[in-house]
1. Under a 10 Å cutoff between Cα atoms, tell me which one of Asp156, Asp131, Asp82 has the largest fluctuation in the Gaussian network model of the chain.
2. Roughly how many debye, to the nearest 20, is the charge dipole of the chain about its Cα centre, given +1 on each Lys and Arg Cβ, -1 on each Asp and Glu Cβ, and no other charges?
3. Would you calculate a helix-derived [θ] at 222 nm for the chain, using -39,500 (n - 2.57) for each DSSP H run of n ≥ 4 and dividing by the full residue count, to the nearest 500?
4. Sequence-distant or interchain residues sharing an amide H contact under 5 Å with Gly158, placed H: which?
5. Could you pull out the trypsin sites (Lys or Arg not before Pro) across the range 81-181 that fall in loop regions by DSSP (anything but H, G, I, E, B) with no more than 13 other Cβ atoms inside 10 Å?
6. Working from Cα positions, state the angle (0 to 90°, nearest 10) between the long axis of helix 94-106 and the longest principal axis of the chain.
7. For the chain, the longest stretch holding no chymotrypsin sites (Phe, Trp or Tyr not before Pro) located in a DSSP loop with at most 13 other Cβ atoms within 10 Å is which?
8. Could you tally up the Lys pairs in the chain with alpha carbons closer than 25 Å? Skip any pair fewer than 8 positions apart unless they're on separate chains.
Amino acid sequence: MALTSLNRISIPPSNGNSGTALLMPKLKYRFRVILLGFGVESSTELTKQVVDVKRPVVTFEEMPIEIYNSKIKLAGKPSWEDITMNLRDDANGQIQKLVGQQIQKQYDFMEQASARSGIDYKFQTNIEVLDGGNGALEPSVLEKWELYGCFLKSADYGDANYGTNEPMTVALSITYDNAIQFAGANGTGVERGIGALVGRTIGEAVTGRS
């Protein structure tokens, strides 16, 4: 049948091997964000009003080792870049309320008092990539990021404008201490990705050389 030709719509991984179909990509609009420990009350309303969110970015500092006629570059300490998340500002004021609660946990603007320690205000952010299921067909999680030690670095309440037909939004910048990437069955196992168990030996030889 002509349909079998679809199996050849891909990049052949080797010469003479074209019988591999293209894998289904993850789609940007199939996702949800869940915030744990954000604000004071349940933050499920935030999940419903998310417009977009940035996935994590990790950067390693470069550590140059100067030697005789050249140099070797080693990976230094990693750092996680801040993520951004935009929320629709609802007419009932739930988003304003929840964001305000989190900000007040970090710093009491009325009493000019700060939190005693990080555990008093830090929260967890889960970013889940979904397969498109809904309703009776429960969605499966294709990928999940868990961001630990989060707090709001900034909250931008946006503007009002007579010349647009757009909803008001609240833009959040979230900084965090660490992130783990889950993959596999419904995003529950660390089968691959950041946080997976990776051996530090090659065969029986310890890789201690640069």
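1. Asp156
2. It works out to roughly 740 debye.
3. Helices in the chain give a 222 nm mean residue ellipticity of -2500 deg cm²/dmol.
4. Those lying under 5 Å, H to H, from Gly158 are Ala171.
5. Arg116
6. That works out to roughly 90 degrees.
7. 163-210
8. For the chain, the number of qualifying lysine pairs is 29.
Each value in this text was obtained by applying a stated rule to the coordinates, not by laboratory testing. Model, not experiment: these values are computed from the prediction. Counting neighbours? That spans all protein chains shown, and the Cβs are built from the backbone with ideal geometry, glycine included.
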